[in-house]
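Trainee: Pasting a structure below so you can have a look.
The values are calculated or read from the model by the stated rules, or taken from the named source; none is laboratory data. On a predicted model such as this, the values are computed, not experimentally measured, just so you know. Cβ placement follows ideal geometry from the backbone for every residue including glycine, while neighbour counts extend to all protein chains displayed.
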């Protein structure tokens, strides 16, 4: 695992550490998916950087240049990443709401999340 991946996974871990136990299982599932998605996106970026965004396509008499399959996969995976991350954010918000009235109002659960998002 590269140093960059460890930092990203630690950032995600910091976020779920601040989520209430009620949502912990769901948040762990989302973080595991996000971790996999991040690794996949990095691999796809490498392929796109090396091979470009278009590729030659030939099937029988048909021959043309098309969007690379790596780019298509990257775009689809990015949509999945956004949806998954949005779901994690919803749990952070729910967790923030559930902690109100328990003396934890002064804790900003979004600090680590904001730092993570601003870094990328």
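Trainee: Pick from region 68-97 the residues that are buried (at least 16 other Cβ atoms within 10 Å of the Cβ) and without any contact (Cβ under 8 Å) to a residue 40 or more places away in the chain: which of them is nearest to residue 38 (Cα to Cα)?
Mentor: 74
Trainee: Show the residue pairs that are 6+ apart or on different chains and have beta-carbon atoms under 6 Å apart, the first residue being within region 44-55 and at positive phi and assigned to a helix (DSSP H, G or I), the second being surrounded by 13 or more Cβ atoms within 10 Å (Cβ to Cβ) and at pLDDT 95 or above.
Mentor: none
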